[in-house]
Amino acid sequence: MNAMRNVFGVDVGGTGIKGAPVDLARGDVAQERHKVLTPHPATPEAVVDGIAEVVGHFGWSGPVGMTFPGVVTANTVRTAANVAEKWVGVDAARLVADRLGGLPVTVVNDADAAGVAEMNFGAGRGRNGTVILLTFGTGIGSALFVDGRLVPNTELGHLELNGHEAEKRASTKVKEDKDLSWPHWARRVQKYLAHVEMLFSPELFIIGGGVSRKADKFIPLIEGITAEIVPAELQNNAGIVGAAMVAAAAER
Ligand code: BGC
């Protein structure tokens, strides 16, 4: 059996830190995932404690892939729009590895991780050309693929739309905070997709984040977009699976 078959994936989000060993052959969690609440403020020390609790729950001692909701280059955090500013400049892999007794850790942007999982095991399987996954949640995350290859850290949630940052207008957090109806929110998402389409002309938009479970409430309301629009298939576990896949690739 391939020793790299299982790698741990942990997804650091605005509300929860969740993780599980991932079966890389199936692209799914190998055991039921464990979740702790994201501490507030989400400082590096507090989040790392949460990660250690999730990983420790499984008595895990192998490679770990972790997502982060900001730009990550060479395992170092470059931006932190929705978590504590103190993360910027932190080598997150080293910080987490030290806390986990030296396990190998790889860090990847959360939307990029979800995209990698969807392209391999979900709605993007076998799709060539330009594919964009957008995750709607606390912010808006993006993952851009060209013929299956990821262009990392695209950060399309911060595009400007009518003088506002797109994620401040069209995230699901905004929908909830402002109590927007599905049609009202769908109009904002439509405007946003039109803008992204103008820039990249993708063949496919994959809509991810928790709201993908309710895709039937808003995707049919979106008009005037040439690209196909489909909900993500892996939903809640995409970040966990994708983080583990990226970590496995880094080990090779
Ligand atoms: C961050 C992205 C992240 C997205 C979703 C944005 O505010 O800048 O890096 O992917 O939120 O969490």
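The values are calculated or read from the model by the stated rules, or taken from the named source; none is laboratory data. These numbers come from a predicted model, not from an experiment. All Cβ positions, glycine included, derive from the backbone under ideal geometry; neighbour counts span all protein chains shown. What goes into the accessible areas is simple: the full protein's heavy atoms, side chains included, and nothing from ligands, DNA or RNA. Shrake-Rupley method; radii C 1.70, N 1.55, O 1.52, S 1.80 Å.
Please go through the residue pairs K178/K214; K18/K175; K86/K217; K191/K217 and name each one whose alpha carbons sit more than 28 Å apart in this structure.
Pairs exceeding the cut-off: K86/K217.
Each label point is 7 Å from the Cα along the Cα-to-Cβ direction; what then is the distance between the points at E45 and D179, in nm?
4.0 nm
Give the residues of segment 207-244 whose amide nitrogen is closer than 20 Å to a point set 7 Å from the Cα of A194 in the direction of its Cβ.
207, 218-230
Tell me, what HN-Hα J-couplings in whole Hz come from the Karplus equation 6.51 cos²θ - 1.76 cosθ + 1.60 at θ = phi - 60° for each residue of segment 198-213, using x for Gly and Pro?
4, 7, 10, 6, x, 7, 9, 9, 10, 9, x, x, x, 5, 4, 5
Just to be sure I follow: if Rg is taken over the C-alpha atoms of segment 126-232 and Rh is the Kirkwood radius over the same atoms, what is Rg/Rh?
Details: Rg = 12.8 Å, Rh = 13.7 Å.
Rounded to two decimals, Rg/Rh equals 0.93.
If you fit an axis through the alpha-carbon atoms of helix 110-121 and take the longest principal axis of the Cα set of the chain, what angle between them do you get, 0 to 90°, nearest 10?
That works out to roughly 90 degrees.
Give me the percent of the accessible area of the chain that comes from carbon and sulfur atoms, probe 1.4 Å, all protein chains in place.
Numbers: 5430 of 11250 Å².
After summing per-atom areas, the C and S share lands at 48 percent.
On a 0 to 90 degree scale, rounded to 10, what angle separates helix 44-57 from the longest Cα axis of the chain?
Between helix and principal axis, roughly 70 degrees.
So what is the relative contact order for segment 126-232, in percent, with contacts set as C-alpha pairs under 8 Å and at least six apart? Don't skip to the answer; put the middle values down first.
Details: 179 pairs, mean separation 31.1, N = 107.
Reported as a whole number, the value is 29 percent.
Translational D (Stokes-Einstein, µm²/s) of the chain at 20 °C and 1.002 mPa s when Rh comes from the Kirkwood sum over C-alpha pairs?
The estimated diffusion coefficient comes to 119 µm²/s.
GluC sites (Glu not before Pro) within segment 1-76: which are DSSP loop residues with at most 10 other Cβ atoms inside 10 Å?
Values: sites: E32, E45, E53; in loops: E32.
Here the GluC sites (Glu not before Pro) that fit, given the DSSP loop and packing criteria, are E32.
Give me the extension gain from A249 to T15: residue separation times 0.36 nm, minus the current Cα-Cα distance, reported in nm with one decimal. Please report the intermediate quantities before stating the final value.
On the way: separation 234, 0.36 × 234 = 84.24 nm, distance 2.76 nm.
That works out to 81.5 nm of additional length.
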